[in-house]
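Below: the structure, in structure tokens.
The values are calculated or read from the model by the stated rules, or taken from the named source; none is laboratory data. Since this is a predicted model, take the numbers as computed values, not measurements. Here the Cβ positions follow ideal geometry from the backbone for every residue, glycine too, while neighbour counts run over all protein chains shown. Remember, those area values only see protein heavy atoms, side chains included, never the ligands or the DNA or RNA. Shrake-Rupley method; radii C 1.70, N 1.55, O 1.52, S 1.80 Å.
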Amino acid sequence: MYQFVLITHILAATLWTGGHLLLAFGFLSAALRHRNVALIEAFEQRFEPIGLPALVIQVVSGLWLANALQPDWSRWIGFSDPASSLIFLKLLLLLSTVALAVHARIKLIPNLRLATLPALAWHSRGVTLLSVLFVVAGVGLRTRGFG
Ligand code: HEM
């Protein structure tokens, strides 16, 4: 069961983080260079139906893995030990990701046009950085810290 959950977690991570790296360094730079909003709309239409379920899988599998590593949930909030600190970091990254995702869905994507493209660009770079930090924190949990 543990290996199955970890494999699921890593596969969904490749989708979420990989998709955002492709958006930030592929589609976004081309859309800004060619002032072409349609490139982003096409990406969002294809990525969102698989990206959001991948994030849900990350949360469910991540909480399961965190419980396997540290069954005392009260220690998830705080820096009492390396594993708890990294789980806390994951929860903070999740909170930030959900806040940015909701803001994009409500404010930016419905009114996407050339004038709002730079705002979406910074926004996507933020979500991409958070998604990479998720991977770094995950490897830190796997290797029991970075010492
Ligand atoms: C988009 C969000 C996320 C991404 C991209 C992500 C990515 C990763 C990666 C790449 C690993 C390393 C796997 C390995 O080296 O074997 C990992 C491990 C882990 N992640 Fe996540 N993660 C995400 C969300 C979460 C969340 C929300 C939690 C819950 C607190 C979480 C908890 C864990 C735990 C506990 C491990 C260590 C598993 C172990 O080695 O036993 N992750 N994550």
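Remarks
- 3J(HN,Hα) from dihedral phi, the range 11-21, Karplus parametrisation 6.51/-1.76/1.60, rounded to Hz, x for glycine, proline: 5, 5, 5, 5, 5, 5, 6, x, x, 6, 5
- Rg/Rh, computed from the Cα trace of the range 2-142 with Rh as the Kirkwood radius, has the value 1.03.
- In order along the range 48-60, phi translates into HN-Hα couplings of 4, x, 10, x, 5, x, 4, 5, 4, 4, 4, 5, 5 Hz, rounded to whole numbers, per the Karplus curve 6.51 cos²θ - 1.76 cosθ + 1.60 with θ = phi - 60° and x for Gly and Pro.
- Considering only alpha-carbon pairs that sit under 8 angstrom and 6 or more positions apart, the relative contact order computed for the chain is 31 percent.
- Carbon + sulfur, % of accessible area of the chain - ligands and nucleic acids excluded, 1.4 Å: 73
- Cα lying deepest toward the dipole's positive end in the range 2-142, options H34, S96, A137, charges on Cβ: H34
- 0 to 90° range, to nearest 10: angle between helix 82-103 axis and the chain longest Cα axis: 20
- Range of Cα positions in the range 59-127 per principal axis (Å), largest first: 48, 20, 14
- Net dipole in debye of the chain [+1 Lys, Arg Cβ; -1 Asp, Glu Cβ; about Cα centre; nearest 20]: 320
- Accessible area per residue in Å² at 1.4 Å probe, computed on the chain: 58
- Here the 3J(HN,Hα) profile of the range 5-10, calculated from phi with Karplus coefficients 6.51, -1.76 and 1.60 at θ = phi - 60°, is 5, 5, 4, 4, 4, 5 Hz, Gly and Pro shown as x.
- Along the chain, longest interval not containing exposed chymotrypsin sites (Phe, Trp or Tyr not before Pro), exposed being DSSP loop plus at most 14 other Cβ atoms within 10 Å: 1-78
- Loop-located trypsin sites (Lys or Arg not before Pro) in the range 54-137 (DSSP state not H, G, I, E or B) with no more than 14 neighbouring Cβ atoms inside 10 Å: R113.
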